[in-house]
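The next block holds one structure in the form of structure tokens; read it before the comments.
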Amino acid sequence: MLIPLQNKKKTYLVTGGLGFIGSSLANTLQGTITVLSLSGRKTDTLKRKDITVRIKDINDITANDVENVDVIYHCAGTVHNYHVQLHPHFDTRVNIDGMVRLLEACKNLPQKPKVIFLSTFFVYGNEYERTKVPINENSPTDPRGLYPATKLCAESVLKLYSRLYAIPYVIARLTNVYGESERGDNSKKGALNYLIMKAVRGETIELYEGGEFYRDYIHVDDVVSALRFLEERGQNDTFLVGYGTPVKFRDMMEHILTLTGNKSQLVAIDPPFFHTVVGIKNFIADTKKINSLGWASSITWKDGLSRVVTAYQSFHQP
């Protein structure tokens, strides 16, 4: 649910603002909005003409980019575990060095912007498998891949700079995010969207372990709603942001096939070795902390999937 915000017009900077979540967020903000992006290839993700687009590497950010900014949504970052195979320094450069550069730009400003950092539930690793206790903000972290390890490090860097330089912050650890504005052509990220596209095309769908595992999938519009809520209510704290109800992955895929009406086959396969090393199995999120402040997800997983299927069908003609 989208919480009404204060009437004061703010100045925003959205790093990674042409990406899936960043652009979805930028399109909803009210005020003066600048998005920072490494590339200008995806400017069509912005639906508004009043948003300023600045093409710049996060590691080149300066105080001029953040001066007089009220809120920074730090969405810039890597999005999957596979860089370690070919570009092992990419995650550290973007996620850790990028965070340091951003905070160095902010630390001496007379008015410090509030930094809202998008982290990931992958920082917990397989903690749920170890304990069978739903995961919350206080659960032990044990990231299994370089991507979540660098995200967790970036969290620590942000908290350090907050203590040293009084930079206000919120850390939002997002569960699996999906939505109709996510492209369905990348198997390394947005796996659910990728498989929805295969279902729309009527292709065979291979599921690790037959999809017999639970995850917490949250629609991107709910993520945006939660982030804007935390902009107003969160202060120097960490929140797990998710749907809040576990759903078996196979159940989601079977519902998708019902929605498409296609006869795609669901085929169980063993995950590759790399996935067994860096991936997680079941994840059950305990979202009571953010719920207790007054926010809860409003888009059911069935309604969310229906929206994605409809969107994909609209631009895929058999």
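From the list 59, 108, 95, pick out the single residue that is at pLDDT 95 or above, over 25 Å from residue 283 (Cβ atoms), in a helix (DSSP H, G or I) and in contact with a helix residue (DSSP H, G or I) (Cβ under 8 Å, 6 or more places away or on another chain).
Only one candidate passes the filter, namely 59.
Which residues, counting only those in region 278-318, are of a type in the set (Val, Ile, Thr), surrounded by 15 or more Cβ atoms within 10 Å (Cβ to Cβ) and more than 18 Å from residue 126 (Cα to Cα)?
Correct list: 290, 299, 308, 309.
Could you say whether any residue in region 70-79 is in contact with a helix residue (DSSP H, G or I) (Cβ under 6 Å, 6 or more places away or on another chain) and of a type in the set (D, E, K, R)?
no
Here is a check on your reading of the model: is residue 156 within 30 Å of residue 109 (Cα to Cα) and without any contact (Cβ under 8 Å) to a residue 24 or more places away in the chain?
Against the criterion (within 30 Å of residue 109 (Cα to Cα) and without any contact (Cβ under 8 Å) to a residue 24 or more places away in the chain), residue 156 qualifies.
Please identify the pairs in which a residue from region 259-282 that is of a type in the set (Asp, Glu) has its Cβ atom under 8 Å from the Cβ atom of a residue that is outside any loop (DSSP other than H, G, I, E, B), counting only partners at least 6 apart or on another chain.
Short answer, once both residue conditions are applied: 270/208; 270/209.
Taking region 181-201 only, how many residues are among the charged types (D, E, K, R) and either in contact with a strand residue (DSSP E or B) (Cβ under 7 Å, 6 or more places away or on another chain) or buried (at least 20 other Cβ atoms within 10 Å of the Cβ) (or both)?
2
Show the residue pairs meeting these rules: Cβ distance below 9 Å; 6+ apart or different chains; first residue within region 92-120 and of a type in the set (Asp, Glu); second residue not in a loop (DSSP other than H, G, I, E, B).
97/58; 97/59; 104/63; 104/161
For region 114-127, give me each residue that is part of a loop (DSSP other than H, G, I, E, B) and either touching a Pro at 6+ places or on another chain (Cβ under 8 Å) or among the charged types (D, E, K, R) (or both).
125
Within region 263-277, track down each residue that is at pLDDT below 95 and exposed (fewer than 10 other Cβ atoms within 10 Å of the Cβ).
263
Per-residue answers, yes or no, for (1) closer than 30 Å to residue 144 by Cβ; (2) hydrophobic (A, V, I, L, M, F, W, C):
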position	(1), (2)
15	yes, no
20	yes, yes
23	yes, no
30	no, no
47	no, no
67	no, no
74	yes, no
80	yes, no
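Go through region 35-52 and report how many residues are surrounded by fewer than 16 Cβ atoms within 10 Å (Cβ to Cβ) and β-branched (Val, Ile, Thr).
2
Inside region 129-175, can you point out the residues that are assigned to a helix (DSSP H, G or I) and closer than 20 Å to residue 233 by Cα?
155, 158, 159, 162, 163
The values are calculated or read from the model by the stated rules, or taken from the named source; none is laboratory data. What you are looking at is a predicted structure, and each value in this text was computed from that prediction instead of being measured. Every residue, glycine among them, receives a Cβ derived from its backbone with ideal geometry; neighbour counts consider all protein chains shown.
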